[in-house]
1. Which of the residues belonging to the stretch 115-126 are in contact (Cβ under 8 Å) with a residue 60 or more places away in the chain and closer than 15 Å to D18 by Cα?
2. Under 8 Å by Cβ, and 6 or more places apart or on different chains, what pairs join a residue from the stretch 131-142 that is in a strand (DSSP E or B) and at pLDDT below 95 with one that is surrounded by 15 or more Cβ atoms within 10 Å (Cβ to Cβ) and aromatic (F, W, Y)?
3. Just checking: which of the strands (runs of 3 or more DSSP E) contained wholly in the stretch 1-107 hold 2 or more residues that are surrounded by fewer than 19 Cβ atoms within 10 Å (Cβ to Cβ)?
4. Looking only at the stretch 126-139, count every residue that is closer than 12 Å to F108 by Cα and either among the basic types (K, R) or surrounded by fewer than 18 Cβ atoms within 10 Å (Cβ to Cβ) (or both) and tell me the total.
5. Given the criterion under 18 Å from V152 (Cα atoms), touching a residue at least 60 places away in the same chain (Cβ under 8 Å) and not basic (K, R), identify the matching residue among L73, L52, L9.
6. Inspect the stretch 66-73 for any residue being within 30 Å of E35 (Cα to Cα) and in contact with a Pro (Cβ under 6 Å, 6 or more places away or on another chain) and give the result as yes or no.
Amino acid sequence: MATSYKELLHDITTFILDVDGVLTDGKLLISESGELLRTMNARDGYAMKTALNNGYNVCIITGGNNEGVKARLVGLGIQNVFLNASDKMIQLHEYVAKNHLKPENIVFMGDDMPDVPAIEFAGLGCCPQDAIPEVKAVSQYISHKKGGDACVRDIIEQVMKVQGKWNVPDGKIVKST
C-alpha cells in the first residue's frame, strides 16, 4: 500500500522552494525600464518566518535572477537563496551535503519542468494546484492552493501542525493528525 503524504510530514525538517509559480503566481509585470516585477503572498512569508523561528531550514532555489526577490526572502531570515539555478539539482545536492540532510527530511515545492528532478529527490515532493501536469504526476502532494496564493503556507502549516509546532494567536499549539 502506498504511503500517505501525511505520514511523511513527521520527518520533515527542511523546506526547499522554487519562486516563480510557487511563491508567486508566475506572472511577470514588466516595467517600462524592463524591470521584472512579481508579487508574493504575505501568508507564505509568515509561514516561512514561523518555520525558521521554530528551527526548520528554509532554502530557495530558483532559475530567476531578481535581487528584489532575494532581498524580500533574506528579509524574512532565509539565508540560503540560490538565484539563477539553471540545474536546481546542483544547488540542492550542495545544500543537502552542507546541512547533512536526508531526502526524507525535505519538502521540495515546484511547479514546472526544471523542478521535476528535485521533486522526485525530496522525501515529500509537492506542488501548487496550478502546476503543470508533468509536475503533478511526480508530486506526492498537490496543494489545493495555487502558486502565489499561499500554497507554501499550506504545506508548512501542515508539517508544523503534525509535529505540534504550529502556534495560533492565543498561544496554544494546534496539532493535527
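1. At the first step, the residues of the stretch 115-126 found to be in contact (Cβ under 8 Å) with a residue 60 or more places away in the chain are 115, 118, 122-124, 126.
Hits for the stretch 115-126 are D115, A118, A122, L124, C126.
2. none
3. 80-82
4. 1
5. The conditions single out L9.
6. Filtering the stretch 66-73 for residues within 30 Å of E35 (Cα to Cα) gives 66-73.
Going one step further and asking which of them are in contact with a Pro (Cβ under 6 Å, 6 or more places away or on another chain), we end up with none.
Within the stretch 66-73, none of the residues are within 30 Å of E35 (Cα to Cα) and in contact with a Pro (Cβ under 6 Å, 6 or more places away or on another chain).
The values are calculated or read from the model by the stated rules, or taken from the named source; none is laboratory data. In this text the structure is predicted, and so the values were computed from the model without any measurement. As a convention, Cβ positions derive from the backbone with ideal geometry for all residues, glycine included, and neighbour counts pool all protein chains shown.
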